[in-house]
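Following: one structure in structure tokens, then a few remarks.
The values are calculated or read from the model by the stated rules, or taken from the named source; none is laboratory data. This structure is a prediction, so every number in the text was calculated from the model and none was measured. Cβ placement follows ideal geometry from the backbone for every residue including glycine, while neighbour counts extend to all protein chains displayed. Quick note on the areas: whole protein, heavy atoms, side chains included, nothing else; ligands and nucleic acids left out. Shrake-Rupley method; radii C 1.70, N 1.55, O 1.52, S 1.80 Å.
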Amino acid sequence: MNNPNLCSICGKPAAVRLNNPERRLCAEHFIKDAEERVFKAIDAAEMIREGDRVLVGLSGGKDSTALILILSEYVKTRPDVKLIAVTIDEGIAEYREDTIKAAERLVEHTGVEHGIISFTELFGDTLDRLVADRKNLACSICGVLRRRSLTEAARRFDADSIATGHNLDDEAQSVLMNMLRGDKPSLIQDSSLGYTGYFVPRIKPLAVLSEKEIVTYIMLKGFYTPLPECPYAVTALRMEARKIIGTLEERYPGTKLNIVRFRDGIRKHVPYSPKGTKGKLNTCKICGELTSGEICQVCRVLNRKQSDE
Amino acid sequence: MKIILPDRKTIEEEREPAVIKDILESLGINPASVIVAKNGNIVPDDVILENADELKIISFAHGG
Ligand SMILES: [Zn+2]
Ligand SMILES: [Zn+2]
């Protein structure tokens, strides 16, 4: 064979082949390689500052499993940083129970403090019931409510930032979706990042790893368990974006990373201002949270009414 | 050659040695959407599978 499948570093049988630079890595060296790429991304973007308390969204699914495993390695070199894992229980029958168990195993293994917050506690009901008559919108409504839940968790645990498990695939798909929708504000300002001085900043340490790398990582670490899939389908446009980018990546390796870097390049050149507000933020007339309009997204998706006073 | 598909169905048949990626494509599976294990070990998809080998195809579904 003209390309024996051996680790470029130690010569043992390789588990993965990566490009840019072209290399083959055994299990041990792939784990190290993936962790180091994330550590580098964290440091390069100064995602975690001295003494930060970092809230880690831990759903128990594959992305957040990798996130907590990698961050708990990272803090071994940063004893000033404290991690707190939070699991949001959306109230999705026959799905969330198993993932919460997975999350509990992970915090036991990593020794990270763990909290659970439920939609019922925050919004008065389970996601299943909140979307009973509009299941097609479940995924986007859930996203809005989960974001608010994490903000609330950050407040409760006095966190300085919120780390989420968004991977390279998620990020590349979002860029394409923003383009296809003509949504320039979302392309140039990450609505999930928060605005300095207003919201707790969000960090996405795994955005340098593809979905495939993340699953490989947790498999090689022995933390892969096939879990039930969320019964609510992802938006149709995301499915399309996923297919298109998947095909392009196969033919032109590096496409995903190029898409995300292209977006990051644009963001560097665009003056910073909260989405569509020219820098102005209000407090929601119903719940009092910060919003760019009059009524916040959470109150809108929950159809909360303004009381006449 | 024994091939375990993502849905756990198994194909067992005599086959000429082939590159895993080509086997995946012949089964209509996009190599980028799966992880493959040869005789129990994760391998890159340009590795050759011999007739005596076992291939397990693990598909990772979307979902946080
Ligand atoms: Zn090695
Ligand atoms: Zn509100």
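Per-residue surface analysis assigns B:LYS56 an accessible area of about 90 Å², computed on protein heavy atoms at 1.4 Å probe radius.
Need one word for segment A:27-273: rounded, prolate or oblate. Basis is the Cα gyration tensor (sqrt eigenvalues a ≥ b ≥ c); a/c below 1.5 gives rounded, then a/b vs b/c decides. It comes out rounded by the Cα gyration axes. For A:ILE9, the shell of other residues with beta-carbons less than 10 Å away shows a net charge of +2, using +1 for Lys and Arg and -1 for Asp and Glu.
Amide H to amide H distances under 5 Å link B:VAL19 with B:LEU49, where only residues 5 or more positions off or on other chains count and H is placed in the peptide plane.
Computed with a 1.4 Å probe on the full set of protein chains, the accessible area for A:TYR224 sits at about 70 Å². Each other residue within a Cβ distance under 13 Å of A:GLU289 adds +1 if Lys or Arg and -1 if Asp or Glu, for a net charge of +4. Judged by the ratio a/c of the largest to the smallest principal axis of the C-alpha gyration tensor, segment B:2-59 counts as rounded, that ratio being less than 1.5.
Within the shell of other residues whose beta carbon sits under 13 angstrom from the beta carbon of A:GLU97, the net charge comes to -4, with Lys and Arg scored +1 and Asp and Glu -1. Highest mobility in the GNM of chain A, judged by mean-square fluctuation with C-alpha springs under 10 Å and restricted to A:THR255, A:THR216, A:THR99, is found for A:THR255. With 24 Å as the limit, write out which pairs from A:LYS101/A:LYS221; A:LYS101/B:LYS9; A:LYS40/A:LYS82; A:LYS32/A:LYS256; A:LYS184/A:LYS256 have Cα-Cα distances beyond it, or answer none. A:LYS101/B:LYS9, as the Cα separations exceed 24 Å there.
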